1. Looking only at residues that are of a type in the set (K, R) and exposed (fewer than 14 other Cβ atoms within 10 Å of the Cβ) in the stretch 39-60, which one is farthest from the chain's Cα centre (by Cα)?
2. Is there any pair with a first residue in the stretch 1-18 that is over 17 Å from S37 (Cα atoms) and of a type in the set (A, V, I, L, M, F, W, C) and a second that is at pLDDT 70 or above and open to solvent by less than 80 Å² (accessible area, probe 1.4 Å) whose Cβ atoms are under 6 Å apart and which are 6 or more apart or on different chains, and what are they?
Amino acid sequence: FPLSLVGFIEEPERKYCFECDSEEQCQEWIEALKRASYEFMRRSLIFYRNEIQKMTGKDPLEQYGISEEARFQLGTRK
């Protein structure tokens with residue numbers, strides 16, 4: 001059976017081993033983990049916020065009092 005070894009930046013010493021029925025299933029697991037990452041979600045939120053603002057002329061996060069400077073800044077997380 002195909003195996004996939006996965007590690008995370010926050011826990012470099014820990015490794016997770018996934019055993020799958022096929023190579024395709026391994027790739028599906030890897031893609032699902034990537035999509036669940038903070039960075040992917042943050043980039044998606046930035047993209048969709050900008051798209052909504054283009055379509056409506058309003059920032060959808062404005063009602064929550066989130067300042068422009070604090071909004072999901074690009075760069076590394078601390």
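1. We begin by selecting, within the stretch 39-60, every residue of a type in the set (K, R); these are 42-43, 49, 54, 58.
After this cut, where a residue has to be exposed (fewer than 14 other Cβ atoms within 10 Å of the Cβ) as well, the list is 43, 54, 58.
Values: R43: 7, K54: 23, K58: 24 Å.
Residue satisfying both the conditions and the ranking: K58.
2. The qualifying pairs do not exist here.
The values are calculated or read from the model by the stated rules, or taken from the named source; none is laboratory data. Predicted, not measured: the structure shown is a model, and the values here were computed from it. Quick reminder, even Gly has a Cβ in these numbers, built from the backbone with ideal geometry, and neighbours come from all protein chains shown. To get the accessible areas, we keep the full protein, side chains included, count just its heavy atoms, and leave off ligands, DNA and RNA. Shrake-Rupley method; radii C 1.70, N 1.55, O 1.52, S 1.80 Å.
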